[in-house]
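Asks: First the structure, which I've put down as structure tokens, then a few questions once you've had a look.
FYI, it's all coordinate maths here, none of it is from the lab. In this text, all values refer to a predicted model and were calculated from it rather than measured experimentally. FYI the Cβ positions are ideal-geometry reconstructions off the backbone, even for glycines, and counts take in every protein chain you see.
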Amino acid sequence: MFKILGSDGKEYGPVTQGNVIEWIRDGRANLSTKARKADETEWKTLADYPEFVPTGSAPSWAPPPPPMTETAAPFVPAPAAARVPATRPLAGLDRRFTAALIDGMIYFFCLLPYFTAFNAIFSERLANNESFSLEMLFNTYAEAWPKSMPYVLLLALVQTTLLCRRSQSIGKYFLRIQIVTVQDEAPAGPVRAYLLRSLLIWVIEQIPLFGKPLFWLVDCFFIFREDQRCIHDLIAGTKVIKLPPPGSSPKE
């Protein structure tokens, strides 16, 4: 994997050797372009790497390089829309549904102690002839909820960590799908995967009447778009792609 230093002073990559070859073929880079391998720190020129100048001569797929002078044109980034084509397959409805089902079931099991305690406390109060009221429901909820609190907090910590570090939830991790940015298919990261795509949407869903079921239902039905991007994907600028099998190289 290589990184390229553009004429705008920004780094592009990491990209594969094949991507760099395509840029040279298209005239967007030449053998004077500054580059380095992903695991290196020193900037060199593409001419310093035998991958691009085999046996010391210009490769057959590239036009003759311009003179290597200080005025040689450096790498010129292409427009964002053309720079990174959508090469990796979308996750598909089946994987996304299964991943969401796994996340939902884990959350349900974390809530089981609360449901059990609520039912026991509520039944006991009715048996003691306590009149049914909103205050009774609230008191029952306040007494039962701490039973599930440790499990819910632990689940929130695990999901937040996975979203921030791997751009995956527990379900997405086991189904080998990942949240990536639309622009360059890089892992979405904490801002897009967690703050915009998860936390913000959760806050919206808490709005009475509008959040659930209205917003939640509309958000779900958006997955039937051609690009399979729900409202939360449109807000965060993300999509969900399928990862290659373990041990194989991703297709670039």
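Asks: Between the alpha-carbon centers of region 183-252 and region 113-132, tell me the distance in whole angstrom.
Replies: 39 Å
Asks: Let me ask something else about it. Let me know the Kirkwood hydrodynamic radius for region 145-213, please, with Cα pairs as the basis and the value in Å to one decimal.
Replies: 13.2 Å
Asks: Report, by chain and number, residues whose modeled amide H sits under 5 Å from the one on THR45, excluding near sequence neighbours (fewer than 5 apart, same chain).
Replies: So THR45 has HN proximity to ALA35.
Asks: Just add up the charged neighbours of GLU205: K/R +1, D/E -1, any other residue whose Cβ is under 10 Å from the Cβ of GLU205.
Replies: It works out to a net charge of 0.
Asks: Same structure again: Using the Karplus equation 6.51 cos²θ - 1.76 cosθ + 1.60 (θ = phi - 60°), what ³J(HN,Hα) coupling, rounded to whole Hz, does each residue of region 21-34 give in order, writing x for Gly and Pro?
Replies: 4, 5, 5, 5, 4, 7, x, 8, 8, 9, 5, 8, 5, 6
Asks: Which residues' amide hydrogens lie under 5 Å from the amide hydrogen of SER169, considering only partners 5 or more residues apart or on another chain, with H built in the peptide plane?
Replies: Residues meeting the amide H criterion: none.
Asks: Here's another thing I want to ask about it. Please list 3J(HN,Hα) in residue order for region 36-48, calculated via the Karplus relation 6.51 cos²θ - 1.76 cosθ + 1.60 where θ = phi - 60°; whole Hz, with x for glycine and proline.
Replies: 7, 6, 4, 9, 10, 10, 8, 7, 10, 9, 4, 5, 7
Asks: Further question on the same structure: ³J(HN,Hα) across region 155-169 via Karplus (A = 6.51, B = -1.76, C = 1.60, θ = phi - 60°), whole Hz, x for Gly/Pro?
Replies: Once rounded to whole Hz, the list reads 4, 4, 5, 5, 5, 4, 5, 5, 5, 6, 8, 10, 6, 9, 8.
Asks: Moving on to the next point. Taking a quarter of the surface of the convex hull around the Cα atoms of region 86-158, what do you get in nm²?
Replies: 7.3 nm²
Asks: Something else now. When the C-alpha atoms of region 169-252 are aligned to their principal axes, what extent does each axis show, in angstrom, from largest down?
Replies: 47, 26, 25
Asks: In debye, nearest 20, what is the charge dipole magnitude of region 93-242 about its Cα centre with +1 on Lys and Arg Cβ and -1 on Asp and Glu Cβ, if you could check?
Replies: Using Cβ point charges on Lys, Arg, Asp and Glu, region 93-242 gives about 580 debye.
Asks: Across 10 Å bins from 0, what is the distribution of all Cα-Cα pair distances for region 93-242, in whole percents?
Replies: Percent of Cα pairs in each bin: 11, 32, 31, 16, 8, 2, 0.
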